[in-house]
There are 2 protein chains.
Amino acid sequence: MTAFDAIGLDADDTLWENETFFRVTEAEFCALLADHGDPEAIAGRLYDTESANLARYGYGIKGFMLSMVQTAIELTDGRIEGRQIARILDLGAEMLAHPVTLLPGGEAALDALAGRRLILITKGDLIDQERKVAASGLAERFAGVEILADKTPEAYARVLDAHGIAAERFMMVGNSMRSDVIPVLELGGTGVFIPHALTWNHEHAEAPDHPRLHQLSDMAALPDLVARLEAAG
Amino acid sequence: MTAFDAIGLDADDTLWENETFFRVTEAEFCALLADHGDPEAIAGRLYDTESANLARYGYGIKGFMLSMVQTAIELTDGRIEGRQIARILDLGAEMLAHPVTLLPGGEAALDALAGRRLILITKGDLIDQERKVAASGLAERFAGVEILADKTPEAYARVLDAHGIAAERFMMVGNSMRSDVIPVLELGGTGVFIPHALTWNHEHAEAPDHPRLHQLSDMAALPDLVARLEAAG
């Protein structure tokens, strides 16, 4: 019989809004540079810069800010003005202070799963993720909070090892096929994909045809899925 | 009898060089802005900006880069040129790629302490600290690597709790009185202060008069201190 010793939950765009703040900032960034290209072209350049910088900066708002500054310099051939760069820093400061907006159904699902070993597993800037966990009011629901540099199979394996959890008895839930689902399936665990309307291009990956991959429309359906999988054995 | 179940080791400027890279970059930053003030004044402004931004950005090179950009804009009343901002981003990129230079005596001390439960405890950018741990070649020596947003008593308490270690049987070793020693003394642990010639002003704190505070000149003396404290009971 299948039984889950622990359930891992992604945070950004699984428990609370995140990508929407990046999109708002991206739109303001494009408006700031409107003399230098149309919004799609500028957003494309920004994405390319972010992708190229990922190995150096990792995930998170500070790296996004640095990539915006770099893109602005490159797009203007260095003619960007200091006050415009200052505006980019202000946009980043607003992101770093944004309120935490829980997604519908998440808290009720955590209530229904209370008593189980729940682990919050996220990636990005350490200080920003810790701020959001605290502001969410959800910290007490979790047996552990793991903030990773990247969500690779190796990183998940380290988390499972630290908590003494067998991958076969672990379920990971999140909105990123690439970061939340596929690495856990690779380790032998169960992956639950809950797509969000807004998901960063980088996080997209083709859904594998896999017997331990499940898809839900929102967090509210999670407790039933867990019960169903355990009953089906 | 005193016995240590685990020994925590700071990394930056305890096991390997770190502050020296910040100082080199700071000097280049001051040279870049030489028309706008003497080096001490510019470095002072940068320090003030960094300190004001700590709550927002946390520790690490990305926050330092953003603080350099902000300081450059403010010091020039927004007249800084794009190519100079680009130079600041390049300085940051060099820092993020700097080689890991082990401090003398560290590796031999870890050899002498092999078999003990050693935990690397550091703070800063997740991805940068992970890079340095990997590049140091020392990762295998540690039962755990903990990268914290800040080294507060609460953060140390979470680490000890996660590893099942009693504070009274924990020793922390590092070059920062403020971050490595005082919080651990507060929890009831033992603190070993190994000052480094270069230490960021922010990390300075007055040494408390405390029976569980010990000072060494370098890591080479650590194994003897551990043996002596355990023998003395």
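Quick note: the coordinates plus some simple rules give every number you see, no bench work behind them. This is a predicted model, so every value here is computed, not measured. Cβ: placed from backbone, ideal geometry, glycine included. Neighbour counts: every protein chain shown.
The table for this structure:
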| quantity | calculated |
| --- | --- |
| Rounded if a/c under 1.5, otherwise prolate or oblate - segment B:33-148, Cα gyration tensor axes | prolate |
| Whole-number percent relative contact order across segment A:19-96, with pairs defined as alpha carbons under 8 Å at least 6 apart | 33 percent |
| At 7 Å out from Cα toward Cβ: A:R87 inter-copy label distances (nm, ascending) | 2.5 |
| Inter-copy separations for A:A55, label at 7 Å along Cα-Cβ, nm, ascending | 3.8 |
| Peptide ranges A:201-208, A:6-13 listed from the most packed, as the mean C-beta count within 10 angstrom indicates | A:6-13, A:201-208 |
| Segment B:1-139, relative contact order in percent, only Cα pairs under 8 angstrom and at least six apart counted | 40 percent |
| Shielding by other protein chains, A:121-134, mean Cβ within 10 Å | 4 |
| Alpha carbon convex hull of segment B:49-90, volume per residue in cubic angstrom | 55 Å³ |
| Proxy reagent accessibility, fewest Cβ within 10 Å first, across A:I194, B:I88 | B:I88, A:I194 |
| In Å, descending, principal axis extents of the Cα set of segment A:72-208 | 56, 32, 29 |
| Calculated P(r) of segment A:19-96 - Cα pairs past 16 Å, % | 43 percent |
| Interchain or long-range residues, amide H under 5 Å from B:I121's placed H | B:L9, B:D10, B:A11, B:E146 |
| Given charges at Cβ of Lys, Arg, Asp, Glu: segment B:156-233 dipole, positive-most of B:L213, B:F193, B:H163 | B:H163 |
| Residue of chain A whose Cβ sits closest to the axis mapping A onto B, with distance in whole Å | A:K62, 2 |
| Cα-centred dipole magnitude for the protein assembly as shown, charges only on beta-carbon of K, R (+1) and D, E (-1), debye, nearest 20 | 760 debye |
| In segment A:1-71, GluC sites (Glu not before Pro) in a DSSP loop with at most 16 other beta-carbon atoms within 10 Å | A:E17 |
| Other copies of B:D35: label-to-label distances in nm, shortest first, labels 7 Å along the beta-carbon direction | 2.0 |
| Per-residue HN-Hα couplings for segment B:52-66 [Karplus 6.51, -1.76, 1.60; θ = phi - 60°; Hz; x = Gly/Pro] | 5, 8, 4, 5, 8, 9, x, 8, x, 6, 4, x, 5, 4, 5 |
| Chain A: angle of helix A:19-32 to the longest principal axis, Cα-based, in degrees nearest 10 | 10 degrees |
| Shape of the protein assembly as shown, Cα gyration tensor, a/c cut at 1.5 | oblate |
| Segment A:102-151: trypsin sites (Lys or Arg not before Pro) falling in loop per DSSP and having at most 16 other Cβ within 10 Å | A:R117 |
| Using θ = phi - 60° and Karplus 6.51 cos²θ - 1.76 cosθ + 1.60, couplings along segment B:40-45 (whole Hz; Gly, Pro as x) | 5, 5, 5, 4, x, 5 |
| Volume per residue of the C-alpha convex hull in chain B, rounded to whole Å³ | 118 Å³ |
| Charged-residue dipole, Cβ positions (Lys, Arg, Asp, Glu), segment A:72-155 about Cα centre, Debye nearest 20 | 200 debye |
| Simple Cβ-charge dipole of chain A, Lys/Arg +1 and Asp/Glu -1, about Cα centre, in debye nearest 20 | 480 debye |
| Given charges at Cβ of Lys, Arg, Asp, Glu: segment B:1-81 dipole, positive-most of B:T76, B:A43, B:G8 | B:T76 |
| Gap separating the Cα centres of segment B:116-187 and segment A:77-117, nearest whole Å | 28 Å |
| Backbone HN-Hα couplings from phi across segment A:152-164 [Karplus 6.51/-1.76/1.60, Hz, Gly and Pro as x] | 8, x, 5, 5, 5, 4, 5, 4, 4, 5, 4, 9, x |
